[in-house]
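Below is one structure; the comments refer to it alone.
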Amino acid sequence: MKKITKIAILATFLSFAAITAEAQVSSLSITTPSALPSAQVGTLYSTNIGFTGTALGFSTSITNGSLPAGISVGAGPDLQSVTLFGIPTTAGAYNFTLNVLYNSQTASKPFSLTVNANGVSGVVGPAHLDNTNILGTDGTVYRLQSAHRSPYTSAGAFLSYGFNNWQAVMPATTGDMSLPLTIYTPTGSNTSATYYIPPRNGSLINDQGTIYLITNGYRTGFTTPTAFLGLGYKFENAASGDTSFMVTLPPIALSSIPHPDGTLINDTGTIYLQKSSNRVGIPSMAVFNSWGFKLGEVVPANSLDRLIPQGGTISTRQDDQLNI
């Protein structure tokens, strides 16, 4: 009788103060045809490029050419794709090679993308209302807040707010792009800087292969997979994004701790949000969904969570709210 061997998928994590995920998977290849759908100057563009043989921790680069101005590479809908998105500003025929690196393997494929000159570079008109997400003519996604533009740092940061979606992003008008950037003065500094919208509190971000938990505006890593998995977190919930601008807290080394602020926990069927050393209740699925939360993000409560006092309930999200 022929012997059947089962190959288990492995995930290893190694980083200074964080986890790096790798996996033994099938041969790496890029599956999307080389001729990409055409784009139009001044019009929102989005298309996915798919692969096989990748998992959490892959990286990409562009060589042998460049993307059209205004088009960027962002996180795809899953761990085997990326998305090209943005508002192209210059017509022309663009050729480039996409390289995907994962687990010491590299796959490369040439692509062509035509940008037609039928659109306009920026729509003439007044600024959108506050709390609108716009795609600037520079290819950056901004949120309008108090008549200012606040940039998201990455597609992962944008999508970490589950109520955001690409379909609702509006092409920027001339009025939008004339609004000033939001600025702030970092703690301990006398110099103003642009304010970037961080990923959602409680979200997991894969920053170039390293997983961070976002908690109270900071990022914290994990020293071992045991700590990460022991707290109930899941690899598939980590979205690709940039956290390099965030202050790093000491790493989480043990799973025998209360879950950090921002984490959704399930205590015998009741879902709470860890916030300010309290367990805050979520009164209904309507409220839960209004914040863009997903049931797959909820982790089991541990005995130390149950020692934390309950403190109030969460209200339905309003348009001007990003975090709780």
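The values are calculated or read from the model by the stated rules, or taken from the named source; none is laboratory data. Remember, predicted model here, so these are calculated numbers, not experimental data. Ideal geometry is used to build each Cβ from the backbone, glycine not excepted, and the neighbour counts take in all protein chains shown.
Sub-7 Å Cβ pairs linking a first residue in segment 152-167 that is under 16 Å from L204 (Cα atoms) to a second residue that is hydroxyl-bearing (S, T, Y) and surrounded by fewer than 22 Cβ atoms within 10 Å (Cβ to Cβ), at least 6 apart or interchain, are T153/Y196; A155/T83, ordered by first then second residue. Annotation note: Cβ proximity below 8 Å between a residue of segment 248-272 that is within 13 Å of A227 (Cα to Cα) and a residue that is in a strand (DSSP E or B) and β-branched (V, I, T) (sequence gap 6+ or interchain) occurs for P251/T220; I252/T220; H259/I265; H259/V299; P260/T215; P260/T220; P260/I252.
Under the condition of being within 21 Å of the chain's Cα centre (by Cα) and either surrounded by fewer than 18 Cβ atoms within 10 Å (Cβ to Cβ) or aliphatic (A, V, I, L, M) (or both), the residues counted in segment 236-251 number 10. Scanning segment 301-321 finds no residues that are touching a Gly at 6+ places or on another chain (Cβ under 7 Å), of a type in the set (D, E, K, R) and either assigned to a loop (DSSP other than H, G, I, E, B) or modelled with pLDDT under 95 (or both).
Of all residues in segment 36-85, those satisfying the criterion of being in a loop (DSSP other than H, G, I, E, B), of a type outside the set (A, V, I, L, M, F, W, C) and farther than 22 Å from I134 by Cα are P37, G53, T54, G57, N64, G65, S66, D78, Q80. If only residues of segment 290-314 that are in contact (Cβ under 8 Å) with a residue 60 or more places away in the chain and loosely packed, with under 13 Cβ neighbours inside 10 Å are counted, the one that is nearest to R200 (Cα to Cα) is K294. When T220, T215, T182 are checked against the criterion of being more than 19 Å from G76 (Cβ to Cβ), polar (S, T, N, Q) and over 19 Å from the mean Cα position of the chain (by Cα), a single residue qualifies: T182. Inspect segment 98-111 for any residue being surrounded by fewer than 18 Cβ atoms within 10 Å (Cβ to Cβ), free of Cβ contacts under 8 Å to residues at least 24 places away in the same chain and among the polar types (S, T, N, Q) and give the result as yes or no. Scanning segment 98-111, I find at least one residue that is surrounded by fewer than 18 Cβ atoms within 10 Å (Cβ to Cβ), free of Cβ contacts under 8 Å to residues at least 24 places away in the same chain and among the polar types (S, T, N, Q), so the answer is yes. For segment 139-181, a residue qualifies if it is among the hydroxyl-bearing types (S, T, Y) and either over 18 Å from T83 (Cβ atoms) or not in a loop (DSSP other than H, G, I, E, B) (or both), and the qualifying residues are Y142, S146, S150, Y152, S160, T173, T174, S178. Out of P283, P260, one residue alone is assigned to a loop (DSSP other than H, G, I, E, B), farther than 30 Å from T83 by Cα and modelled with pLDDT under 95. It is P283.
Per-residue answers, yes or no, for (1) closer than 22 Å to D319 by Cβ; (2) surrounded by 20 or more Cβ atoms within 10 Å (Cβ to Cβ):
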{"site": "S178", "(1), (2)": "no, no"}
{"site": "S189", "(1), (2)": "no, no"}
{"site": "P198", "(1), (2)": "yes, yes"}
{"site": "Q208", "(1), (2)": "no, no"}
{"site": "N216", "(1), (2)": "no, no"}
{"site": "R219", "(1), (2)": "no, yes"}
{"site": "L231", "(1), (2)": "no, yes"}
